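Q: Sharing a structure, written as structure tokens. Questions coming.
The values are calculated or read from the model by the stated rules, or taken from the named source; none is laboratory data. Model, not experiment: these values are computed from the prediction. So basically every Cβ, Gly included, is an ideal-geometry build from the backbone, and we count neighbours across all protein chains shown. For the accessible areas, the whole protein counts, side chains as well, though only heavy atoms, and no ligand, DNA or RNA atoms are used. Shrake-Rupley method; radii C 1.70, N 1.55, O 1.52, S 1.80 Å.
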Amino acid sequence: MKLNKSTISSNLTLAIAKGRIFEEAQGLLERSGIKILDYSSKSRKLTFETNHKNLQVLVVRAGDVPTYVDHGAADMGITGKDVLLETSAKNFYEILDLGISKCRMMVACRQGHNNVGITTRVATKYPKVSKQYFLKKGVQAEIIKLSGSMELAPTLGLADQIVDLVDTGITLRENGLEATDLVFDVSSYLIVNKSSMRIFREKIQDFIRVLDSSLRG
Ligand code: ATP
Ligand code: PRP
């Protein structure tokens, strides 16, 4: 099922997380008949027209997608479940699991040092989900917020454990770490601003239908 060019007649804006999510989302959109025009990964451009003249695409950082959609600066967004669980933004519906950019949020520690007690220091870019996870486990966790390269923290004695995304496991292995527990599975979702959903219900539902049918097909 492809999106009919006449389906979208009001201006809709879709914010997509840049990087790996963008590349996979682009493929999914193309299978749905939506082509992002003039896109190149080397380009510095941040807004793109599509072959549907009233659908525009924005390229933003993964963590900023909920903010754009929450404020209505974008009607719809595509970003990772990790970002959606960490954000405090609420003014959107989580509509569809797109099954792209799959990985896992994991707890990891130094290889052979999986003997954590009832207190632990945890380095992560995801303080909210980490706090909730350890609370549920009955472990008192001191959360140390980092923006990246979490894998360094246990080796340097900054933390006992990390909570981070794992795909192939290569980053953990190359830094002397091992995954110990799964926090949750991650993939990217389509989210829609609540007011946009009300105002553009029909158009957005058509958009959702074609994406959903591409996922099934
Ligand atoms: P930002 O640009 O906001 O700093 P980032 O540098 O973390 O984000 P990426 O590393 O490209 O950007 O991650 C963006 C999203 O892609 C993550 O939020 C997650 O949903 C997904 N992701 C991250 N790492 C992987 C991975 N190794 N394999 C698959 N998906 C991943
Ligand atoms: C992500 C994540 C891990 C790595 C895991 O980092 O933060 O470091 O991927 O993938 P792996 O299990 O396949 O090794 P990314 O490559 O996005 O780099 P960055 O977040 O540090 O920019």
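Q: Which residues, counting only those in the stretch 139-161, are within 19 Å of G63 (Cα to Cα) and within 13 Å of ligand 2 (Cβ to nearest atom)?
A: Those that are within 19 Å of G63 (Cα to Cα) and within 13 Å of ligand 2 (Cβ to nearest atom): L146, S147, G148, S149, M150.
Q: Taking the conditions exactly as written (within 16 Å of ligand 2 (Cβ to nearest atom), small (G, A, S) and touching a helix residue (DSSP H, G or I) at 6+ places or on another chain (Cβ under 6 Å)), does A123 satisfy them or not?
A: The answer is yes for A123.
Q: Sort out which residues of the stretch 18-60 are touching a strand residue (DSSP E or B) at 6+ places or on another chain (Cβ under 7 Å) and in a loop (DSSP other than H, G, I, E, B), and write them in order of number.
A: K18, I34, K35, L37, D38, Y39, L46, N54
Q: Just one of L12, L84, L46 is among the hydrophobic types (A, V, I, L, M, F, W, C) and either modelled with pLDDT under 95 or open to solvent by 20 Å² or more (accessible area, probe 1.4 Å) (or both); which is it?
A: Of the residues listed, the single one that is among the hydrophobic types (A, V, I, L, M, F, W, C) and either modelled with pLDDT under 95 or open to solvent by 20 Å² or more (accessible area, probe 1.4 Å) (or both) is L46.
Q: Having 3 or more residues that are without any contact (Cβ under 8 Å) to a residue 60 or more places away in the chain and either in contact with a strand residue (DSSP E or B) (Cβ under 6 Å, 6 or more places away or on another chain) or surrounded by fewer than 19 Cβ atoms within 10 Å (Cβ to Cβ) (or both) is the bar; report the strands (runs of 3 or more DSSP E) wholly within the stretch 106-202 that clear it.
A: Passing ranges, in order: 119-124, 140-145, 161-166.
Q: While we're on this one: Go through the stretch 135-161 and report how many residues are among the aliphatic types (A, V, I, L, M) and within 14 Å of ligand 1 (Cβ to nearest atom).
A: Total meeting the criteria: 2.
Q: Can you tell me which residues in the stretch 72-95 are more than 15 Å from ligand 1 (Cβ to nearest atom) and not hydroxyl-bearing (S, T, Y)?
A: G72, A73, A74, D75, M76, K90, N91, F92, I95
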